[in-house]
Amino acid sequence: PVDLPEWVNTMAAQEKTPPRPLSPSRFGAVPAVSSPVGQDRRDAMQRGSLAHRMLEILPGLEGDARRRAAERLVASAYSYPLDEDTARAVLGEVETLMEPPALAPLFGEAGRAEVPVSGMVGGIVISGGIDRLLVTDVKITIVDFKTGTPPGPGQPLPEAYTRQLALYSGLMQQIWPGRAVEAGVVFTEDASIHWANRADMDTVLAGMVDPS
């Protein structure tokens, strides 16, 4: 006969049920209390949808290829539905957003669109997607697109947006430790970008992982 180890006759301990993954984008679902209502709000949402589509496609193209794609996007405006003049105005806003030297790398060849991410931050299991991501040897840049109303001059991002960016930032710091993280929101309503305050992100993230 063969002597079997004791563990053969021992029931395995029951594994704990893992936490249900959360999508960081759910924390960005805040009511836009200062947003216009009625037809004005619908128009803004339609403009935002077209701007989002442009920001997905155009940054990966250059020269004639970008111009042809831009014309196709303008021609598709009826499906949103928007008229051609409005679509060209949206295109101008998007192109202006991509022009500044500080943002050019984010929307350039090295930037990545619609990046799926998952992991655990402070015991919180997260799964989601980053709209625009740029990783260099020294810094990670995260951008999320929103159709809500942008903050006014000098106003911070809504806390819900800051929480979402903080979760993404925490995950990126685990993947690439030692690199600075810059995170912000592009409001597609006017193609403006607003960066989250690092201290604010650290504060809300600490409150989420250690509610005490």
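Before moving on, here are some points about what is shown:
- For segment 133-212: rounded, prolate or oblate by the Cα gyration tensor [a/c cutoff 1.5]: oblate
- Inter-centroid distance (Cα atoms) of segment 56-110 relative to segment 137-198, Å: 21 Å
- Protein accessible area in segment 96-181, 1.4 Å probe - carbon and sulfur %: 56 percent
- Point-to-point label distance, residue 3-residue 83, nm (Cα→Cβ direction, 7 Å offset): 9.2 nm
- When peptides 52-65, 137-150 are sorted by average Cβ neighbour count within 10 Å, with the highest value leading, the order is 137-150, 52-65.
- Taking the DSSP beta bridges with both ends in segment 101-212, the antiparallel portion is around 70 percent.
- Of the peptides 177-189, 80-92, the order by per-residue mean of other Cβ atoms within 10 Å, starting with the highest, comes out as 177-189, 80-92.
- Solvent-accessible area per residue for segment 96-144 (1.4 angstrom probe, square angstrom): 47 Å²
The values are calculated or read from the model by the stated rules, or taken from the named source; none is laboratory data. These figures come from a predicted structure and were not determined experimentally. Using ideal geometry, Cβ is built from the backbone for each residue, glycine included, and neighbour counts are taken over all protein chains shown. All accessible areas refer to the heavy atoms of the entire protein, side chains included, with ligands and DNA or RNA removed. Shrake-Rupley method; radii C 1.70, N 1.55, O 1.52, S 1.80 Å.
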